[in-house]
1. Just checking, does the stretch A:152-163 include any residue being touching a residue at least 12 places away in the same chain (Cβ under 8 Å) and within 14 Å of chain B (Cβ to nearest Cβ)?
2. Among (1) touching a strand residue (DSSP E or B) at 6+ places or on another chain (Cβ under 8 Å); (2) more than 12 Å from chain A (Cβ to nearest Cβ), there is one condition residue B:160 misses while meeting the rest; what is its number?
3. Would you pick out the residues in the stretch A:56-65 that are in a helix (DSSP H, G or I) and free of Cβ contacts under 8 Å to residues at least 24 places away in the same chain?
4. It is to be established whether one or more residues within the stretch B:93-103 are within 14 Å of another protein chain (Cβ to nearest Cβ), assigned to a helix (DSSP H, G or I), out of contact with any helix residue (DSSP H, G or I) (no Cβ under 7 Å at 6 or more places or on another chain) and more than 20 Å from residue B:162 (Cα to Cα).
5. Answer yes if at least one residue in the stretch A:237-252 is assigned to a loop (DSSP other than H, G, I, E, B), of a type in the set (Gly, Ala, Ser) and more than 17 Å from residue A:59 (Cβ to Cβ), and no otherwise.
6. Looking at the stretch A:258-270, is at least one residue in contact with a Pro (Cβ under 8 Å, 6 or more places away or on another chain) and closer than 20 Å to residue A:123 by Cα?
7. For residues in the stretch B:117-154 being within 14 Å of chain A (Cβ to nearest Cβ) and part of a loop (DSSP other than H, G, I, E, B), which is farthest from residue B:167 (Cα to Cα)?
8. Which residue, of B:210, B:200, is part of a helix (DSSP H, G or I) and crowded, with 20+ Cβ neighbours inside 10 Å?
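Here, each number is a calculation from the coordinates, and none is a lab measurement. Model, not experiment: these values are computed from the prediction. Here Cβ is always computed from backbone atoms with ideal geometry, including for glycine, and neighbour counts include all displayed protein chains.
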Amino acid sequence: MMADQQAAASPQRRLSPRQRQRISRGIQYGVLLVIVVVLALLADWPAIKESFLSSKVAGEGLPQLFTVALKNTVIYTISGFIGGFAVGLLLALMRQSSVAPYRWIAAGYVEIFRGLPALLIFLMIGSLPLAFPGFQIPGEVYGQAALGLGVVSAAYMAETFRAGLQAVPKGQMEAARSLGMPHMRAMVSIVIPQAIRIVIPPLTNELVLLFKDSSLVLFLGVTATQVELAKFGNDQASTYANPTPILVSGLTYLLITIPLGYAARRLEARQGASR
Amino acid sequence: MSTVEIRNLHKSFGKLEVLKGIDFSVETGQVVCVIGPSGSGKSTLLRCVNLLEQPTSGQVFVDGIELTHPDVDIDAARRRLGMVFQQFNLFAHLTVLRNVTIAQERVLKRPRAEAVRIARENLEKVGLSEKADSYPAQLSGGQQQRVAIARALAMNPSLMLFDEPTSALDPELVGDVLQVMRRLAEDGMTMLVVTHEMGFAREVADRVVFMDQGVIVEDGPPAQVIAAPQHNRTREFLHRVLHPGD
């Protein structure tokens, strides 16, 4: 009202930045509201309730949703994470090595496996026995999943660890060496533990990514007991000819990824504050 | 007997020659302070003594063992040398006690109980036994530096190297660290100290070495080098340090 009166009192006067901001925001809210209303009018609500929110179909998935699908998803994720952690740390150390071929191997690995779609890696793993006749990855699908997820995440974690190792002040190594520790001992006891602390937030984010990528295990061809969340949802959806289980799987992913993401941001903030 | 002997030491970083032929020695039980303007090479000299910097040429002897010899086990040799850094360099992820025990256990292979006992003795010596369970970030700079001294002492070094140990400290914290170093000198520790603390050099040092542009300009008892310097460069430097702002 006051703005109106002022505008009326001096029609030549241009709008203040604050007034312009208020008008622009009002327009944005208006557009948003229109979109929501249009979508709501276009949607077939009874059909949505029937297809996506069928409590009967959702109930059919219990308790296997948690006891089989979520459990397997967690197993694939953790085993891939452990593999990726170990190989990623090794690659990061190789990258810093004074031995040039180690540096080349590590750099090459990172470039190749960050540049490939994870799906392609999983398809390749199925073909490994063709290259090495008689070769079997131990642990069946569990071993293959750990390998696939480990190979991909190692490339990303190598870069994360490299940044972490570089962030440890040079004086830490010098102090350790001046106490008579050999280089390797100083790395293991002094530098690596501090680097790992530094990279805990980004590693938590990597864990979230891996948790979602574990859905690729479905391309390895899994049995009913090896099924993970995405395939479980998909299978249930086709069994009951109703997509509700896919939505349920999605919510189950979020049950894990949102708290993990929150934890990562909290850790990041705390680390930022303590520096 | 000499604890440290340095012969014709040269050190270059690329084309920059930082040390241009250093000869000097530290007798057992002596305290030698190295003074000089920044960029004079005094810190590099100290870091060459325990081979944190690899000398370009020349020899370094500690307890009669040539550290610069290609066959020498440098990790074993470094155990004879305690080093205290300008930036303290305490291990940030370990408690104060663990900072002082870890090298005893990993390097000297002392059993945990013995390492802890020796650590507590040395923390007592620097007046910080009550901080044993704190982390470095919870301590003031002066306290961190005293822990760093305890950490070095726990290895029973025959020589302590101090690289500007008070330069990163707030002025009111300098006194505690110097007090610890003074007591160490009284106990007969052999010390090589790079410092800007002229008061400490005058009172505690047996010898003062003045370095400038990579060479030793003057070397003698503090009464001579600080109170009655022979060289113009020494006089100019001391004047700048003792009467800043003139």
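1. The answer is no, given that none of the residues of the stretch A:152-163 is touching a residue at least 12 places away in the same chain (Cβ under 8 Å) and within 14 Å of chain B (Cβ to nearest Cβ).
2. Only one criterion is unmet by residue B:160, namely (2).
3. First, the residues of the stretch A:56-65 that are in a helix (DSSP H, G or I): A:56-60, A:64-65.
Listed by number, the residues that qualify are A:56, A:59.
4. Taking every residue of the stretch B:93-103 in turn, at least one turns out to be within 14 Å of another protein chain (Cβ to nearest Cβ), assigned to a helix (DSSP H, G or I), out of contact with any helix residue (DSSP H, G or I) (no Cβ under 7 Å at 6 or more places or on another chain) and more than 20 Å from residue B:162 (Cα to Cα).
5. Quick first cut of the stretch A:237-252, residues assigned to a loop (DSSP other than H, G, I, E, B) only: A:240-243.
Applying the additional criterion that residues be of a type in the set (Gly, Ala, Ser) yields A:241.
Narrowing the set further to residues that are more than 17 Å from residue A:59 (Cβ to Cβ) leaves none.
Among the residues of the stretch A:237-252, not one is assigned to a loop (DSSP other than H, G, I, E, B), of a type in the set (Gly, Ala, Ser) and more than 17 Å from residue A:59 (Cβ to Cβ), which makes the answer no.
6. no
7. So, considering only residues that are within 14 Å of chain A (Cβ to nearest Cβ) and part of a loop (DSSP other than H, G, I, E, B), the one farthest from residue B:167 (Cα to Cα) is B:154.
8. B:200
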